[in-house]
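Coordinate-derived values only; no laboratory data. Keep in mind it's a predicted model, so treat the numbers as computed, not measured. For neighbour counting, all protein chains shown are included, and Cβ atoms are generated from backbone atoms with ideal geometry for every residue, glycine included.
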């Protein structure tokens with residue numbers, strides 16, 4: 001056995017705060033435990049879900065005798081890329097028709113953000129990215145490691161549990177011209193608070209007037225409202241004005257393909273010529289990172305998106321998931337009202353998407369974990385997808401207790 | 001998209017402006033200032049508009065095609081019947097078709113039947129895969145496994161494993177540099193460059209002997225600063241196909257140990273080189289047996305034909321289990337902002353194949369067949385070259401080299417001749433992939449090599 005180690009000075013890294021919640025949940029032996037940590041959809045029975053249409057697509061692929069496992073191009077599965085761009089930008093999008101969109105398959109949302117960030121750090125003159133306060137915990141790390149400087153803009157107003165729109169406009173107004181701005185396309189993570197369409201229009205005008213570069217993170221298209229087109233409106237508004245933007249797309253939630261790591265990065269460019277050059281440079285980012293992306297998940301997506309029957313089936317299953325979440329919101333709100341839990345809980349039904357920013361503080365969160373075996377991230381974010389009619393009473397009891405016993 | 005020359009009052013107006021055709025001069029340099037352009041027909045009217053800086057990425061230059069993957073693109077574009085793709089290292093059958101192993105198909109069907117979910121893997125990947133991959137590499141009975149001294153993370157095939165390790169080196173060994181063989185796989189340099197890890201080369205290939213420059217290799221490793229990371233190909237060196245002998249490996253380990261260097265193995269061909277998983281891992285196991293801490297990047301692209309599934313692992317053998325835990329925790333911190341967690345499909349295939357004795361046996365058999373086909377092709381190529389080449393040149397290096405590739409000794413101009421005249425696609429360093437060669441095409445290839453070698457300089 002080697003006696004000494006070159007790693008002697010290495011510290012133990014803490015568990016990832018979001019994924020660490022599930023680690024802790026798994027260790028808990030309590031029969032009443034509820035996992036409201038990571039954003040993965042659960043059925044009413046509390047089980048993970050693989051969509052029927054996904055299973056069908058997978059069956060078709062695996063039973064296809066002519067299917068091979070050759071390396072994809074660096075940019076990924078071409079068919080998948082085209083279909084993904086159409087999905088988010090709309091089939092009639094002028095940007096697509098004018099060949100101004102460079103799309104590369106990446107490893108889900110994270111991979112798309114990282115590749116986009118690295119590209120900007122190399123080729124864009126402004127190396128600062130503004131991210132909303134708060135945002136998904138992994139965002140600052142992704143962009144910092146990509147080589148960008150991370151700043152934040154005001155977003156969530158704890159007083160209203162809604163959008164701090166004035167603060168947002170002020171902070172973006174004082175950003176340097178050309179700065180990059182991260183925008184959640186819909187179903188903001190962790191707050192569930194989205195701008196209205198009017199507010200999006202104001203944001204768009206402000207950003208274009210200052211040449212701020214939009215970088216959209218779209219992880220919930222179709223999952224938020226139940227409508228693919230509705231959830232893409234913010235993005236399409238920006239594309240319609242002819243300007244440039246980056247778009248990180250994920251199929252983890254809306255197709256339930258979490259572990260397959262399927263996503264795409266699209267860069268909408270000012271001209272087709274620029275798009276070609278941009279794509280060539282994206283390849284130089286990807287090749288030394290992982291050479292080319294994994295085929296399985298992308299093939300499933302392409303199979304579904306290109307077949308109109310399967311596409312329709314998907315939209316039905318997707319709406320089913322979105323509707324169940326919306327129903328959970330209503331049931332939780334009603335349960336708290338019934339218990340007479342102090343406070344205004346209407347944000348639960350106003351917020352949208354997988355998550356609710358409850359407004360609970362970290363002491364209350366810890367209390368709920370300790371006494372009620374409810375697992376959530378310390379910022380008070382709960383995943384509605386992890387709730388069921390069966391577990392709502394237990395959760396509302398826990399919230400009630402936390403709010404009345406601790407401040 | 002704004003300008004000083006006019007105000008953006010509505011999406012429509014700015015869209016019109018944005019789609020103005022730009023009269024662009026210069027070579028892709030960003031041009032500031034106004035351009036006058038004519039818009040496309042909009043609402044049946046043609047308008048003049050002034051547009052400023054049509055793209056923030058105007059100055060982005062066109063990147064050159066990847067030297068290895070770009071070969072296949074060029075091959076696809078060639079319409080000639082005689083064309084042969086000896087570029088990228090992907091195995092082909094005698095009929096020059098891609099090959100999905102039977103055992104992989106079995107595993108996938110089994111997975112379909114099991115109907116498992118598609119939940120996120122932990123950041124470090126599928127536990128069953130990590131266990132299997134470390135055991136395969138070091139041997140299940142290896143003390144390092146039994147003592148829990150190996151930090152293993154499932155990663156994105158060989159490239160992803162190397163990149164994670166490189167990121168780790170950059171963060172925790174910022175003063176260290178990596179020594180890479182001259183030549184080496186083309187992407188190695190890119191990986192370390194992007195990870196901002198300095199590198200230098202150690203002599204490896206001797207063009208005079210078409211063999212290993214062993215003395216040069218030892219001297220360069222010796223001369224490097226203590227504590228350097230030495231990148232070694234576990235077997236089937238890419239691109240040369242030239243591997244050290246077991247005795248030479250011992251001497252390499254001696255000098256690495258003496259200089260307190262960190263051995264860093266790239267194992268992309270375990271089982272594929274000789275046909276035997278254990279034999280191909282012997283270099284790695286030699287180092288581990290000496291009690292050294294070792295980095296090993298693994299790939300299942302070739303040996304299980306899982307190219308596009310991107311399945312591999314980074315392993316770090318540490319002096320103690322608690323060290324391995326700390327190293328693993330820090331590798332996770334680097335993986336999370338890169339891709340969060342790795343893809344499940346390929347990992348499950350490997351875990352299923354290795355976990356079932358019958359399938360594991362079948363895999364070994366198919367791997368022997370693939371390695372065997374390559375050895376047969378080497379023999380036939382050698383025979384063809386020896387028979388056709390009247391110059392007396394010694395072509396036996398083809399038989400001595402091992403694995404998917406052969407370093408022919410052809411230079412760039414000669415390699416270009418192979419492509420331009422003979423429609424044979426290969427990388428410009430003279431590397432051919434024997435996995436892309438059939439017995440039927442050996443004579444044609446021999447003619448091309450002889451022509452390029454003797455008639456082109």
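Expressed as a rounded percentage, what relative contact order does chain A have, with Cα pairs under 8 Å and six or more residues apart?
Details: 739 pairs, mean separation 101.0, N = 407.
Across chain A, relative contact order equals 25 percent.
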For chain B the translational diffusion coefficient, Stokes-Einstein from a Kirkwood Rh over Cα pairs at 25 °C and viscosity 0.890 mPa s, in µm²/s, is roughly 100 µm²/s
Largest first, please: the extent of the C-alpha atoms of the stretch A:128-256 along each principal axis, to the nearest Å.
37, 35, 32
Distance between the stretch B:203-279 and the stretch B:107-161 - C-alpha centres, whole angstrom
26 Å
For chain A, rounded, prolate or oblate, judged on the Cα gyration tensor with a ≥ b ≥ c (square roots of eigenvalues), a/c < 1.5 rounded, else prolate if a/b > b/c?
rounded
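Per-residue counts of other Cβ atoms within 10 Å, averaged by peptide: what ranking do you get for B:77-89, B:305-317, highest first? Could the numbers behind the result be given before it?
On the way: B:77-89: 16.5, B:305-317: 28.1.
Taking the mean over residues of other Cβ atoms within 10 Å, the ranking is B:305-317, B:77-89.
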Once each part is reduced to its C-alpha centroid, what is the distance from the stretch B:373-416 to the stretch B:427-446 in angstrom?
8 Å
Alpha carbon centre of the stretch A:361-407 versus the stretch B:288-337: separation in Å?
38 Å
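Between residue A:133 and residue B:109, what FRET efficiency comes out of the Förster formula 1/(1 + (r/R0)^6) with R0 = 60 Å and r the beta carbon distance, rounded to 0.05?
Details: r = 49 Å, r/R0 = 0.82.
The formula returns an efficiency of 0.75 here.
If you take each beta carbon of peptide B:342-354 and count the beta carbons of other chains within 10 angstrom, what is the mean? Kindly include the intermediate steps, with their values, before the conclusion.
On the way: counts 5, 12, 8, 10, 4, 1, 2, 2, 0, 0, 0, 0, 0.
Rounded to a whole number, the mean comes out at 3.
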Kindly identify the stretch B:96-179 as rounded, prolate or oblate by the Cα gyration tensor criterion: order the square roots of the eigenvalues as a ≥ b ≥ c, call it rounded if a/c is under 1.5, otherwise compare a/b with b/c, prolate if a/b is larger, else oblate.
prolate
Quick calc, residue B:219 & residue A:362: beta-carbon distance into FRET formula, R0 56 Å, rounding 0.05, result 0.40
With contacts defined as alpha carbon pairs under 8 Å and 6 or more residues apart, what's the relative contact order of the stretch A:257-407 in percent?
20 percent
Projected onto their principal axes, the Cα atoms of the stretch B:276-331 stretch, largest extent first, over whole-Å spans of 34, 27, 11
Would you mind calculating the gained length between residue B:116 and residue B:193 on full extension (0.36 nm times residue separation, minus the Cα-Cα distance), in nm to one decimal?
23.8 nm
If you line up the long axis of helix B:214-223 against the longest principal axis of chain B, both from Cα atoms, how many degrees apart are they, to the nearest 10?
70 degrees
With a 10 Å cut-off between alpha carbons and a GNM built on chain A, which of A:143, A:357, A:367 moves the most?
A:367
In a solvent-free Debye calculation with one equal scatterer on each Cα, what is log10 I(q)/I(0) for the stretch A:28-145 at q = 0.10 Å⁻¹, listed in the order of the q values?
-0.55
Comparing A:24, A:224, A:335, which has the greatest mean-square fluctuation in the GNM of chain A with Cα pairs linked when under 10 Å apart?
A:24
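Report, please, the projected area of the stretch B:342-449 averaged over directions, based on the convex hull of its C-alpha atoms, in nm².
Working: hull surface 36.0 nm².
Averaged projected hull area, Cα only: 9.0 nm².
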Ranked by Cβ crowding within 10 angstrom, fewest neighbours first, how are A:161, A:100 ordered?
A:161, A:100
So, with points 7 Å from each Cα along the Cβ direction, the residue A:316-residue B:443 label distance in nm works out to 6.1 nm
For chain B, what's the relative contact order in percent, using C-alpha pairs closer than 8 Å and at least 6 residues apart?
20 percent
Label-point gap, in nm, between residue B:251 and residue B:147 - each point 7 angstrom along Cα→Cβ:
2.9 nm
Between residue A:92 and residue A:177, what is the label-to-label distance in nm when each label sits 7 Å out along the Cα-to-Cβ direction?
3.6 nm
Chain A, Gaussian network, Cα under 10 Å: of A:355, A:333, A:80, the residue fluctuating most is A:333
Take peptide B:188-196, look around each residue's Cβ out to 10 angstrom, count Cβ atoms belonging to other protein chains, and average those counts.
3
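Which of rounded, prolate, oblate describes the stretch B:174-267, given a ≥ b ≥ c as roots of the alpha-carbon gyration tensor eigenvalues and a/c under 1.5 marking rounded, otherwise prolate only if a/b is larger than b/c?
On the way: a/c = 1.74, a/b = 1.18, b/c = 1.47.
Oblate is the answer for the stretch B:174-267, as a/c is 1.5 or above yet b/c matches or exceeds a/b.
Partner chain Cβ atoms within 10 Å, averaged over the residues of B:153-164 - can you pull that number for me? Walk me through the intermediate numbers first.
Details: counts 0, 0, 1, 9, 5, 2, 7, 4, 1, 4, 4, 2.
Taking the mean over all residues of the peptide, I get 3.
Would you mind ranking B:444, A:130 so that the residue whose beta carbon has the fewest other beta carbons within 10 Å leads the list? Could the numbers behind the result be given before it?
Details: B:444 17, A:130 22.
Lowest to highest Cβ neighbour count: B:444, A:130.
Can you sort B:442, A:106 from fewest to most other Cβ atoms within 10 Å of each residue's own Cβ? Display every interim value, and only then the final one.
Working: B:442 21, A:106 31.
The fewest-first ordering by Cβ neighbours comes to B:442, A:106.
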Cα-only Rg/Rh for the protein assembly as shown with Kirkwood Rh rounds to 0.99
